[in-house]
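The structure under discussion appears below in the form of structure tokens.
The values are calculated or read from the model by the stated rules, or taken from the named source; none is laboratory data. If you're wondering where the values come from, they're calculated on a predicted model, not measured in any experiment. When we count neighbours, we look across all protein chains shown, and the Cβ atoms used for this are built from the backbone with ideal geometry, even at glycine. To get the accessible areas, we keep the full protein, side chains included, count just its heavy atoms, and leave off ligands, DNA and RNA. Shrake-Rupley method; radii C 1.70, N 1.55, O 1.52, S 1.80 Å.
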Amino acid sequence: MFSIDFRQIGIVAGKEFQDRIRNRWVLAVALVFTVFALVIAYFGSAQQGSVGFHSIDVTIASLVSLVIYLIPLIALILGFDAIVGERERGSLELLLTLPITRREVILGKYAGLAGALTFSTLAGFGAAGLILSPQIRLDALFHYAGFMLSALLLGLTFLSLALMLSVFAGDRTRASGLAIATWFFFVLVFDMIILGALVLTAGEYGGAIFPYLLLLNPADVFRVLNIFSLDEVRTLYGLATVFPEALSHPATLGGVMLAWIIGPLAVAIWRFER
Amino acid sequence: MASNIVDARGVTKDFGPVQAVKGVDLSIVPGELFGLIGHNGAGKSTLFKMMLGLIPASSGQIHLDGEAVGGPRFRDVRRRIGYLPENVVLYDNLTGLETLHFFADLKTVPRSSCTVLLDKVGLGHARTRRVREYSKGMRQRLGFAQALLGQPRLLFLDEPTTGLDPEAIRDFYRILRELRDDGVTMVLTSHILAEIQERVDRLAIMEDGRIRACGSVQALREAMNLPLTLEIAGGAGLREQVTRVLAGLEVERIDETGSLIHIRLPREAKMPALTRLATLGETLRDLQVHEPSLEDVFFGYRN
């Protein structure tokens, strides 16, 4: 009952990935990422009265602000109807009569969609990185690669959340509503609530747990992960003063992101198997 | 149990306070073409889904090919099962051939068999067309080809001729006959009772979550003891002569439609009636005995 056939996962994943390639989803998203990255790199300093590429740290800081809105939205749109859509259309029933377990269906769908997201993220930001590479040092390229990897992790966490919503939702309309609500909560509302609580209590309560609360939001983990890797902007954000050193280690934050991927996916599997 | 390819014992299914299936016992032997009929909401779709392992039974046990549905070796059983849902939904963005490749891969069936199956169901010419361009009948044929992947030992066909034109229905039942000759067991549901009454070996009538009757069409007719109809044609004054020779026999009704006389009478009165009608000699030009249809049997059990 609990055995997993990775071949079956691969077949479902292959179909999902191929679907996204075929309907040009991967190409469209990759293009969006490339264009945004280049626009930010060259025109990000326009408000200061100059255009052109200045520094990778500032570019990454600007990209972080953009990606934190864009990637969760793209990942949620990508995954919200993965299960509920097939259930509503009726194709899921036939699929589940085949020699494949529900667990393998979920993992296959996740793997295929994650592949599409990975391909578009790496291709999109990678293309921008290639275009910028003559103007930046090797260690800066390393930072940029770190940013790409963290952006990918951010996407994978929200894709995992999307799949969980897709399993729980009764129909596609509800699933899309839940996906939008999830985006609003993690990207817009969560930080406001925490900041509001800090301001209301004048920092008297919750100051110590504030960094830990940020770990409850993958978007914040992504932000911290990137900001802490950039000396030039760390002091700018003032995060160094409130975030404990032990928590800010990339491995710790990466681990938290992985937990955010595995957790919702595990819940999705549990619910789908019931 | 070992000789039954489908064996259900005391199967129930509860949806909250509603019991959709109520203690169903059902046995189907290998090679049988078995029909499951019932009105909408009778519980046959729920029973189908439980047999396929799509939903768990609330109580009772179902074994397919000797293995418990949902049990540790059920995955292997699924490789030997084909299923055609009533409203087959496939992937619009794939071609017919790609669709079969996808299902063949999941069933661990060589892809080379897909082209043969597409030809078999009459879709060879459309193999490279996207499913979104297929008509309802073509989708149904593709769904049937999908169900036949891997030479299944057991086929579940839910309203399989929905959307098919008469020629396709004839082809469909021809393939079913070939499959039965090869020893494939088939369980099918249909609303078109006239279509299946001559084709199934046995059938079960479901009503309100229970199997009300199970057996061959003839056995069910006899068990119901429904009246049969003699249809005779003859010369002028036939009705009066018929009424005269049948006097004293238990006849329910005699109707006249054009040149035909319809005599409705109990099964046990059939032979005495035929003997007496034979005395009419050349006045009688034709005589046909009509058994009650499956529809009559179905409504007989329902009432």
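Please get the size of the charge dipole for chain B, origin at its Cα centre, with Cβ charges of +1 on Lys and Arg and -1 on Asp and Glu, quoted in debye to the nearest 20.
Working: 39 positive and 39 negative charges, 183 e Å.
Taking the Cα centre of chain B as origin, the dipole is about 880 debye.
Between 0 and 90 degrees, rounded to the nearest ten: what's the tilt of helix A:250-273 against the longest Cα principal axis of chain A?
Helix A:250-273 sits at roughly 20 degrees to that axis.
Rounded, prolate or oblate: which fits the range B:1-72 when a ≥ b ≥ c are the square roots of the eigenvalues of the alpha-carbon gyration tensor, with rounded for a/c under 1.5 and prolate only if a/b beats b/c? Walk me through the numbers on the way to the answer.
Working: a/c = 2.11, a/b = 1.34, b/c = 1.57.
Taking the square roots of the gyration eigenvalues as a ≥ b ≥ c, the range B:1-72 is oblate.
Could you tell me, in Å, what Rg and Dmax come out for the Cα atoms of the protein assembly as shown?
33.7, 117
State which stretch of chain B is the longest one without any exposed GluC sites (Glu not before Pro), exposure meaning a DSSP loop state and at most 16 other Cβ atoms within 10 Å. Present the calculation step by step, with values, prior to reporting the outcome.
On the way: sites that count: B:GLU198, B:GLU250, B:GLU252.
With GluC sites (Glu not before Pro) excluded where exposed in loops, chain B gives B:1-197 as its longest stretch.
Determine the dipole magnitude for the range B:31-161: charges of +1 sit on the beta-carbon of Lys and Arg, -1 on that of Asp and Glu, nothing else is charged, the reference point is the Cα centre, and the result goes in debye to the nearest 20.
260 debye
Name the trypsin sites (Lys or Arg not before Pro) in the range B:1-110 that are in a loop by DSSP and that have at most 15 other C-beta atoms within 10 Å, would you? Working shown, then result.
Numbers: sites: B:ARG9, B:LYS13, B:LYS22, B:LYS44, B:LYS49, B:ARG73, B:ARG75, B:ARG78, B:ARG79, B:ARG80, B:LYS107; in loops: B:ARG73, B:ARG80, B:LYS107.
Passing both the DSSP loop test and the Cβ count: B:ARG73.
For the range B:128-187, calculate the relative contact order in percent as a whole number, restricting contacts to Cα pairs under 8 Å that are 6 or more residues apart.
Working: 34 pairs, mean separation 24.4, N = 60.
Computed value for the range B:128-187: 41 percent relative contact order.
Measure nothing fancy, just the Cα-based angle from helix A:172-183's long axis to the longest principal axis of chain A, in degrees from 0 to 90, nearest 10.
Result, in degrees: 20.
So how strong a dipole does the protein assembly as shown carry about its Cα centre when Lys and Arg Cβ are +1 and Asp and Glu Cβ are -1, to the nearest 20 debye? Before the final figure, lay out each step's value.
On the way: 56 positive and 57 negative charges, 98 e Å.
Dipole size: approximately 460 debye.
Determine the relative contact order of chain A: mean sequence separation of Cα pairs under 8 Å and six or more apart, normalised by residue count, in whole percent. Numbers along the way, then the final one.
Working: 310 pairs, mean separation 73.8, N = 274.
Result for chain A is 27 percent.
Using a 1.4 angstrom probe on the protein heavy atoms only, could you order A:TYR69, B:TYR83 from most to least accessible area? Show your work: numbers first, answer last.
Values: A:TYR69 110, B:TYR83 10 Å².
These residues rank, largest area first, as A:TYR69, B:TYR83.
Give me the accessible area of A:VAL167, 1.4 Å probe, in Å² rounded to the nearest 10.
Its accessible surface works out to 10 Å², give or take rounding.
Determine the shape class of the range B:178-236: with a ≥ b ≥ c the square roots of the Cα gyration tensor eigenvalues, call it rounded for a/c under 1.5, and otherwise prolate if a/b is greater than b/c, oblate otherwise.
Working: a/c = 2.61, a/b = 1.53, b/c = 1.70.
Cα axes put the range B:178-236 in the oblate bin.
In percent, how large is the relative contact order of chain B, given Cα pairs closer than 8 Å and 6 or more residues apart? Could the numbers behind the result be given before it?
Values: 559 pairs, mean separation 59.4, N = 303.
RCO, chain B: 20 percent.
To the nearest 10 square angstrom, what accessible area does A:LEU66 show with a 1.4 Å probe?
In the full protein context, A:LEU66 sits at about 40 Å².
Under a straight-distance cross-link criterion of Cα-Cα below 25 Å, which lysines are reachable from B:LYS107, leaving out those fewer than 8 residues away in the same chain?
Of all the lysines, those that pass the test against B:LYS107 - Cα under 25 Å, at least 8 places apart if same chain - are A:LYS15, A:LYS109, B:LYS49, B:LYS120, B:LYS136.
Where in the range B:196-303 are there chymotrypsin sites (Phe, Trp or Tyr not before Pro) that are in a DSSP coil and have at most 16 other Cβ atoms within 10 angstrom of their Cβ? Numbers along the way, then the final one.
Values: sites: B:PHE298, B:PHE299, B:TYR301; in loops: none.
Within the range B:196-303, no chymotrypsin sites (Phe, Trp or Tyr not before Pro) qualify (loop, at most 16 other Cβ atoms within 10 Å).
Using Cα atoms only, what is the angle between the long axis of helix B:96-106 and the major principal axis of chain B, expressed in degrees (0 to 90) to the nearest 10?
Value to nearest ten degrees: 70.
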